[in-house]
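*Asks:* Let me give you the structure first, and then I'll get to my questions.
The values are calculated or read from the model by the stated rules, or taken from the named source; none is laboratory data. What you are looking at is a predicted structure, and each value in this text was computed from that prediction instead of being measured. Because the Cβ atoms are built from the backbone with ideal geometry, glycine has one as well, and the counts that use them run over all protein chains shown. Only protein heavy atoms, including side chains, enter the accessible area calculation; ligands, DNA and RNA are left aside. Shrake-Rupley method; radii C 1.70, N 1.55, O 1.52, S 1.80 Å.
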Amino acid sequence: YRAANLPYYLNDKEVQQLLDTVDRSTIVGKRGYALLLLLSRLGLRACEVTSLTLDDVDWRNGEIIVQGKGFAKKRLPLSREVGSAIASYLKIRRKDSGRALFLITGPPYHGVSSGVITCVVKTALIRAGLKPYKSGSHLLRHTAATQMLRRGASLREVGMILGHLSDDHTAIYAKV
């Protein structure tokens, strides 16, 4: 039953529309933009984003270290676009608030929760005037996987980026 339907995703135009709605002149906007890029470009799960720390960004090698399911760590390439968005946020982020990469915007300052990430995605979708079948952060994970396949990546490569332990979990994207 899990693989009975097509995966839900946004097309390239809709992703751009989503990103264009973010006001990047504020700390909330800079954080939201970086979060949306991590979700839509790298296909991270909300829980993977919430567990990111300052130490997980390897600027020298252009990688981000992600704690996946089952304590598996994966190193993913950090594109210039995503790295710039994170750096822009970090320049104005509170410096004295622990090691979490993304913080809530009010005291007591601590790392964002999955609920905050879901709220960022849903707010951006509303602003963009998009009404997809599903509207959580997983929509952007499916979007990233679909875009990778359409650009020529193999199912195995997509599965490695997404952190799937089995090709069976990635097989849903074969229908795209």
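*Asks:* Could you identify the single residue in 76, 38, 44 that is part of a loop (DSSP other than H, G, I, E, B) and within 27 Å of residue 166 (Cα to Cα)? Outline the logic, then answer.
*Replies:* Values: 76 fails: part of a loop (DSSP other than H, G, I, E, B); 38 fails: part of a loop (DSSP other than H, G, I, E, B).
Only one candidate qualifies: 44.
Yes or no, residue by residue, for (1) open to solvent by less than 70 Å² (accessible area, probe 1.4 Å); (2) of a type in the set (D, E, K, R); (3) free of Cβ contacts under 8 Å to residues at least 24 places away in the same chain:
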{"position": "49", "(1), (2), (3)": "yes, no, no"}
{"position": "63", "(1), (2), (3)": "yes, yes, yes"}
{"position": "68", "(1), (2), (3)": "yes, no, no"}
{"position": "76", "(1), (2), (3)": "yes, no, no"}
{"position": "79", "(1), (2), (3)": "yes, no, no"}
{"position": "108", "(1), (2), (3)": "no, no, yes"}
{"position": "114", "(1), (2), (3)": "yes, no, no"}
{"position": "118", "(1), (2), (3)": "yes, no, no"}
{"position": "121", "(1), (2), (3)": "yes, no, no"}
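*Asks:* Identify, please: which residue in the range 26-47 is of a type in the set (Lys, Arg) and touching a Phe, Trp or Tyr at 6+ places or on another chain (Cβ under 9 Å) and is, among those, surrounded by the most Cβ atoms within 10 Å (Cβ to Cβ)? Reasoning before the result, please.
*Replies:* So the first thing to find is which residues in the range 26-47 are of a type in the set (Lys, Arg), and the list is 30-31, 41, 45.
Within this subset, residues satisfying the condition of being touching a Phe, Trp or Tyr at 6+ places or on another chain (Cβ under 9 Å) are 30-31.
Working: 30: 22, 31: 27.
Selected residue: 31.
*Asks:* Using the structure shown, decide if residue 171 is more than 21 Å from residue 35 (Cα to Cα), open to solvent by less than 50 Å² (accessible area, probe 1.4 Å), modelled with pLDDT under 90 and more than 19 Å from the chain's Cα centre (by Cα). Steps first, please.
*Replies:* Numbers: more than 21 Å from residue 35 (Cα to Cα): yes; open to solvent by less than 50 Å² (accessible area, probe 1.4 Å): yes; modelled with pLDDT under 90: yes; more than 19 Å from the chain's Cα centre (by Cα): yes.
When the stated conditions are applied, residue 171 passes them.
*Asks:* Something else about it: Could you give me the residue pairs with C-beta distances under 8 Å whose first residue belongs to the range 126-148 and is hydroxyl-bearing (Ser, Thr, Tyr) and assigned to a helix (DSSP H, G or I), whose second residue is buried (at least 16 other Cβ atoms within 10 Å of the Cβ) and modelled with pLDDT under 90 wherever it lies, and which are 6+ apart or on separate chains?
*Replies:* 143/9; 146/7; 146/9; 146/173
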